[in-house]
Structure formats: structure tokens, C-alpha cells
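Asks: Encoded as C-alpha cells, here's the structure I'll be asking about.
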Amino acid sequence: MIEVFDKIRDLDEFIQISLLSELYYCKRRCSLILLEGNNSDNVYTMEGTIQHSKVHSSQTEKRLDSAKIFNLELFSNNYSLIGKADCIECVKDKKGAYVDILDDYYNLYPVEYKHGKLRDEEEYKIQLCAQAICLEEMYNMTIEKGYLYFINDNKRLEVHLTDELRQKVLFGIVEIFKIISESKMYPPKYKKSCPKCSLYEKCAPKNENI
């Protein structure tokens, strides 16, 4: 695995963290986005975009021993990742990491906002874990948990960032670079969630001739 990431770093290219969520949701969708530039909006993605714009309306909020950072740019040189965090919850702790934007020491917890009702989706947890991996590198710290916040329900799910999740992030990065380097287009495979996908017509998962 180390040798693989050495080769990936040599390419001097970065992938968006959100692509990990796309990959684990549907490899066909991820390959369409990467190889054909397909990322059409539909009613479901538009709703999510509108709700996210509300999240990104401010940059920082400070309250006594806690703070929130919105819209923070994330990166990992070690794993060739870039992205943006919806929210980072910060709890003041002298043993935590120094956060320059807040000029103090904090423990950090990424929070990923999702539209819809509370649900347990693996791809969301993997995306959240990738955000934490970036934060760990950026602030030289260890992050053990984060949160998925579901806007419609006004509820959130605590996610423990296990070794298994971290491994899936790494395997996902390798798979995405394989799609790019080998122009690997996954075949369509129909599932219940397909009709809600913004690429449903392009993908044509029920077309047996593909």
C-alpha cells in the first residue's frame, strides 16, 4: 500500500474527498463523473446544494470554550486528497492542536451535513473519515470521531473513525486513481436507489444492451 501511494503522489494530482462517497455509493456513477464529466443536478441534488449553501453562510463562530469553523479547505499531501468541510466543531483543550484561525488549542471533530432524514450510510462515514484524515495531517493530531448531521430531521449520528473506515478511505483513493489512470468504466447495475440518481438517464442501468 505504501508503494502504491508513492506512485500516486508522483502523479502530483489530488482527488476530491466527495468522490469517495460517490465511489462507495456507486462505482458506475463515480466512473461516469470522472471519465465523462457527468455530474448533472436533479431535484435531490439541488435540494442538497441549497441546504449546504446555508451551512456555508458563515466562517467561524466562537463561544467560550468551543467554536465552529465552516467551509474549511482540507488537504492531505500524504494521500492526495482535497476538499472542504461543512463544519468543524472545536472544543478548547490545552492538549489539543493549535488552530491558527482561532488562535488557541482545540480538539477537532468534523461534521458533514446531509439533506434528508437520519440514515446509516457507509459512504457518508467514509467521506467523513477522509475529512478527519486530512485534519489529522493538517493539525498533527488524532481524531477519534465525527458527526453526520441530517438537516431535515435536525438530528446527527456520531461516527467512530475506526481502522476499518480508515482502510476503506485508502482503498477508495487507490480505486479512484485506477479509474482515472486506466479509464476504467464500471458497467451499470440496477438497484432500488437508481431512479433518484441525477445520472439515471445517462447510466441507463436497466438497459441490457450496455
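Asks: Quick one: putting +1 on the C-beta of Lys and Arg, -1 on the C-beta of Asp and Glu, what dipole do you get for the chain around its Cα centre, in Debye to the nearest 20? Working shown, then result.
Replies: Values: 30 positive and 34 negative charges, 173 e Å.
Once rounded to the nearest 20, the dipole reads 840 debye.
Asks: Same structure again: Please report, for the Cα atoms of the chain, the Rg to one decimal and the Dmax as a whole number; what are they, in angstrom?
Replies: 17.9, 61
Asks: Could you check how much of the accessible area of the chain is carbon and sulfur, as a whole percent, using a 1.4 Å probe? Walk me through the intermediate numbers first.
Replies: Details: 5740 of 11990 Å².
About 48 percent, which is the carbon plus sulfur part of the accessible surface.
Asks: Do any GluC sites (Glu not before Pro) in the range 123-174 lie in a loop, going by DSSP, with at most 15 other beta-carbon atoms within 10 Å of their beta carbon, and if so which? Show your work: numbers first, answer last.
Replies: Numbers: sites: 123, 136, 137, 144, 158, 164; in loops: 144.
Answer in residue order: 144.
Asks: Next question. Can you tell me which of 177-190, 96-109 comes out highest on packing, and rank the rest after it, using the mean Cβ neighbours within 10 Å? Working shown, then result.
Replies: Working: 177-190: 14.1, 96-109: 16.5.
The packing order, highest mean first, is 96-109, 177-190.
Asks: Next question. Give me the net charge for the shell around residue 14: Cβ to Cβ below 14 angstrom, other residues only, Lys and Arg +1, Asp and Glu -1. Mind showing how you got there, number by number?
Replies: Details: positive: 9, 84; negative: 10, 12, 13, 73, 137.
Result for the local shell: -3.
Asks: Lysines near residue 192 by alpha-carbon distance under 18 Å, same-chain residues fewer than 8 away left out - which ones?
Replies: The qualifying lysines are 27, 117, 202, 206.
Asks: Among 180, 162, 126, whose Cα sits farthest toward the positive end of the charge dipole of the range 126-183 (+1 at Cβ of Lys/Arg, -1 at Cβ of Asp/Glu, about the Cα centre)?
Replies: The residue sitting most towards the positive pole is 126.
Asks: How large is the accessible surface per residue of the chain, computed with a 1.4 Å probe and reported in Å² as a whole number? Display every interim value, and only then the final one.
Replies: Details: 11990 Å² over 210 residues.
Per residue, the chain has an accessible area of 57 Å².
Asks: Averaging the inverse of every distinct alpha carbon separation and then flipping it gives the Kirkwood radius. What is it for the range 67-125, in angstrom units?
Replies: Here the Kirkwood hydrodynamic radius works out to 13.1 Å.
The values are calculated or read from the model by the stated rules, or taken from the named source; none is laboratory data. Predicted, not measured: the structure shown is a model, and the values here were computed from it. Reconstructed Cβ throughout: ideal geometry from the backbone, glycine too, with neighbour counts over all protein chains shown. Ligands, DNA and RNA are excluded from the accessible area calculation, which covers all protein heavy atoms including side chains. Shrake-Rupley method; radii C 1.70, N 1.55, O 1.52, S 1.80 Å.
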